[in-house]
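Undergrad: I have a structure I would like to understand better, so I am pasting it below and will then ask my questions one at a time.
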Amino acid sequence: MELISRRNMLAAATAAGGLLTAASVAAEQPRDFDPVNFTVVPPRRFEDLRVGDVFRAPSRTLTDAHAAAFQTVSADNHPIHYDVEYARRHGHIAPVVHGLQVFAFTAPLFPQYIGDVFVAFTSASCKFLKEVHAGDTLYPALEIIALSPQGDTGRVTTRATVYNQRGELVLDGEHQYSLRTSPRAGK
């Protein structure tokens with residue numbers, strides 16, 4: 001596949017009178033692009049997975065805007081999540097980010113790594129171990145702890161963890177997923 005080089009893009013911009021136009025960029029695009037095959041990582045089959053495999057998401061620093069957006073979507077309007085003085089009066093250093101918001105950072109990880117063999121996210125559980133506040137940076141990961149073939153599907157059990165920037169485990173839990181197995185794997 002041909003890649004767009006910076007030199008080619010600059011040449012196209014120069015030819016277009018110094019402007020980088022959609023037409024000049026399109027002229028440099030690969031002609032065999034297929035959005036169906038555009039994945040974050042190469043997909044993996046159930047049979048490719050191993051106990052001990054770890055899947056990490058990019059770290060994210062939570063802001064007041066993230067907390068406010070989750071508060072709106074979840075309809076959880078308890079002042080512990082948005083009122084600084086209320087939080088302080090109740091023994092917290094700042095408003096506490098919703099626990100389910102922290103847990104949500106672990107949910108999208110695995111389907112991105114496995115692609116089209118994903119059938120369902122079948123169960124989830126967790127313990128909230130430490131408070132999370134706006135300004136904290138979270139590091140979510142999943143580790144495969146069990147693989148159970150079940151005919152034309154397989155169950156994947158992962159340990160879900162989220163650490164903060166101080167290296168403290170703030171969430172510990174478990175997810176289970178159902179994946180399609182390869183046709184030849186069941187024979």
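The values are calculated or read from the model by the stated rules, or taken from the named source; none is laboratory data. None of the values given here were measured: they were computed from a predicted structure. Every residue, glycine among them, receives a Cβ derived from its backbone with ideal geometry; neighbour counts consider all protein chains shown.
Undergrad: Would you point out which residue out of 103, 70, 110 is touching a residue at least 24 places away in the same chain (Cβ under 8 Å), more than 30 Å from residue 46 (Cβ to Cβ) and assigned to a helix (DSSP H, G or I)?
TA: 70
Undergrad: Can you name the residue in the stretch 24-66 that is in a helix (DSSP H, G or I), in contact with a helix residue (DSSP H, G or I) (Cβ under 8 Å, 6 or more places away or on another chain) and at pLDDT 90 or above and, of all such residues, is surrounded by the most Cβ atoms within 10 Å (Cβ to Cβ)?
TA: 46
Undergrad: Another question, then. I'd like to check something: does the stretch 115-128 contain any residue that is more than 26 Å from residue 39 (Cβ to Cβ) and either in a helix (DSSP H, G or I) or among the aliphatic types (A, V, I, L, M) (or both)?
TA: In the first step, residues of the stretch 115-128 are kept if they are more than 26 Å from residue 39 (Cβ to Cβ); the result is 125-128.
Filter once more, keeping what is either in a helix (DSSP H, G or I) or among the aliphatic types (A, V, I, L, M) (or both): none.
Within the stretch 115-128 (the criterion being more than 26 Å from residue 39 (Cβ to Cβ) and either in a helix (DSSP H, G or I) or among the aliphatic types (A, V, I, L, M) (or both)), the answer is no, since none of the residues qualifies.
Undergrad: With surrounded by 15 or more Cβ atoms within 10 Å (Cβ to Cβ), aliphatic (A, V, I, L, M) and without any contact (Cβ under 8 Å) to a residue 60 or more places away in the chain as the only criterion, which of 160, 134 stands out?
TA: The conditions single out 160.
Undergrad: If you don't mind, there's one more thing I want to ask. If you check residue 123 against the conditions, is it more than 19 Å from the chain's Cα centre (by Cα), exposed (fewer than 14 other Cβ atoms within 10 Å of the Cβ) and not β-branched (Val, Ile, Thr)? Before you say what the answer is, go through the steps one by one.
TA: Details: more than 19 Å from the chain's Cα centre (by Cα): no; exposed (fewer than 14 other Cβ atoms within 10 Å of the Cβ): yes; not β-branched (Val, Ile, Thr): yes.
The answer is no for residue 123.
Undergrad: In addition: Taking the condition of being assigned to a helix (DSSP H, G or I) and either more than 25 Å from residue 125 (Cα to Cα) or over 28 Å from the mean Cα position of the chain (by Cα) (or both), how many residues in the stretch 80-100 meet it? Break it down stepwise before answering.
TA: Here is the first cut: in the stretch 80-100, the residues assigned to a helix (DSSP H, G or I) are 80-81, 84-89, 99-100.
This time we only want the ones that are either more than 25 Å from residue 125 (Cα to Cα) or over 28 Å from the mean Cα position of the chain (by Cα) (or both), so: 84-89.
Of the residues in the stretch 80-100, 6 are assigned to a helix (DSSP H, G or I) and either more than 25 Å from residue 125 (Cα to Cα) or over 28 Å from the mean Cα position of the chain (by Cα) (or both).
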